[in-house]
Structure formats: C-alpha cells, structure tokens
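Structure first, then comments.
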Amino acid sequence: MTLSFLPLIHWIALGWFIACWIGYTYFSRYKQKNCSTIANQLQANRIEWLQRMIKREMRMADISSIGILSRNVTFFASTTIFIIAGLLTVLGSTEQVIPLVEALPWIEVDSRASWELKIIILVITFAYAFFKFTWSMRQYNFVIVLFGSAPDPSDSQKDRDIFIKHTNWLMGRASHSFNYGLRAYSFALATLGWFFNPFVFMLASALVVWVLYRREFRSATLAALYNASHHSNEKKIDDYGL
C-alpha cells in the first residue's frame, strides 16, 4: 500500500500538526520548571487549600469541591464518547457523506481514502482525549478517598506534611490529565481546517499553539491565581490578555 492517495502537501501538513502538538507538550513541560504557568501556580494554590482543610473539623465542603471537579471531567468524557460515535457513523457512511460534503463551498475531498484518513485522525484524537478524561476522573475519585482520610489538626506535623505533599501530587496528576484532554479538543478543532485545505490545517495548528501558550503562560487567569498566593508581589491583571 502506497501513500500516493494523498498529495505530499497533505502529509507535510499532517506532520506539522503532529509536531505542533508533541512539540508544545514537551515545551510546556520544560518551560514550567522555571517559569510561572497555570499548572505550577495551581500547585501552590492547592497547597494553601490543603493546609487550611486540615485545620477544619468539617471537611464536607472540600470533598464536595473535588466531587464537582470530578463531575466536570465526567461530562467531557461522556461527550467525547458521543463525538467518537458520531465520527464512526460518518466513517461508515462515507459513500453517502462525500457527495454532500463536496457540494459545500471550499471543502476539498481528494479521494475516499483521504476523507477516511481525516476522520480516523479525528477519532484517534478524541480517543486520546477520552482516555485522559477517564484517568483524570479516577484520580479525582482517589483524591476524595484521601480527603476522607486526612489527618486531624492534632496529628504530628510530619503526618500533615506527608498528606499535603502526596495529595497535592495526585491532584496535580488529575489536573494534568484533564488539561491534556482539553488540549486534544483544541487540536481536534485544528484538524477541521484540514477539510478545507492543508494550508488552513497548518495555520490552525499554529494558531492553537499560540492560544494555548497565551492561556497557560501569559493570561490574566494566571495573574489572578498568582496574586491569590503571592499577596506581597501582586501582578496587574490588566497587563495580561485572554
């Protein structure tokens, strides 16, 4: 089987898409080690939350908050299943769908194989998101168990520190998994540009990277999270975008 069913420019666009996704993932992992990001700033905010939670005798509000986070992830996981089912339906109805799509302006369908490849890429993208969402959901459920077994204020400082350290780590992993799932959604939207032409696809992939970078590294949301835990060194939120 050859790759000639798709012009070279389409393979270049697909390679660019993969490079943008993987490249940004590794870039953000490396950058957050020595730069303020939403991910590592949330870690500091969660530590403050856990420290205050341990001092409280009634912790139902804290457990309920984790439950809300878990339900949000569950919503995305359920939605992703429906999206995958819809895409597989489209894939199974290729003969009927292609004539309808070709009637739309600016939509390119080079061949049946190229159409099926684009749908399969979308299915793989959403399948990846689904696994990330379900793993995040399970991790948040584990956090609820840890919250239920949190040490009392009278316990030793060592026990409290160990609980805060490992619970925060687990909450961080759950948050990362959820973030990776949302990132897959963003790049899935970029894939829609492929149905127009490969140049739109490449431009959309680069645009997604720019938007993700702005939100994670230069957003007003990040400044607000920073100010919540750095009261003596407040940043002006107006200086940031998005």
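The values are calculated or read from the model by the stated rules, or taken from the named source; none is laboratory data. All values reported here derive from a predicted model rather than from experimental measurement. Please note: Cβ atoms are built from the backbone with ideal geometry, for glycine as well, and neighbour counts cover all protein chains shown. The protein model used for the area step is the full one, side chains on, heavy atoms only, and it has no ligands, DNA or RNA in it. Shrake-Rupley method; radii C 1.70, N 1.55, O 1.52, S 1.80 Å.
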Worksheet item: With (1) buried (at least 17 other Cβ atoms within 10 Å of the Cβ); (2) closer than 25 Å to residue 126 by Cβ as the list, and residue 12 as the residue in question, which single condition is left unmet?
Response: (1)
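Considering only residues that are without any contact (Cβ under 8 Å) to a residue 40 or more places away in the chain and open to solvent by 30 Å² or more (accessible area, probe 1.4 Å), look in the range 117-130 and name the one that is farthest from residue 74 (Cα to Cα). Lay out the reasoning, then the answer.
Looking only at the range 117-130, we keep the residues that are without any contact (Cβ under 8 Å) to a residue 40 or more places away in the chain, and these are 119-120, 123-124.
If we keep only those that are open to solvent by 30 Å² or more (accessible area, probe 1.4 Å) as well, we get 120, 124.
Working: 120: 24, 124: 19 Å.
Among those that are without any contact (Cβ under 8 Å) to a residue 40 or more places away in the chain and open to solvent by 30 Å² or more (accessible area, probe 1.4 Å), it is 120.
Can you give me the number of residues within the range 143-172 that are closer than 24 Å to residue 74 by Cα and open to solvent by less than 80 Å² (accessible area, probe 1.4 Å)?
Residues in the range 143-172 being closer than 24 Å to residue 74 by Cα and open to solvent by less than 80 Å² (accessible area, probe 1.4 Å): 11 in total.
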Discussion item. From the list 52, 46, exactly one residue is closer than 23 Å to residue 157 by Cβ and without any contact (Cβ under 8 Å) to a residue 24 or more places away in the chain. Which is it?
Written reply: 52
Worksheet item: Tell me, which residue of the range 179-218 that is under 17 Å from residue 22 (Cα atoms) and β-branched (Val, Ile, Thr) is surrounded by the fewest Cβ atoms within 10 Å (Cβ to Cβ)?
Response: 211
Item to complete: Scan (1) touching a residue at least 12 places away in the same chain (Cβ under 8 Å); (2) in a helix (DSSP H, G or I); (3) closer than 24 Å to residue 52 by Cα for the single condition residue 159 breaks and write down its number.
Response: (1)
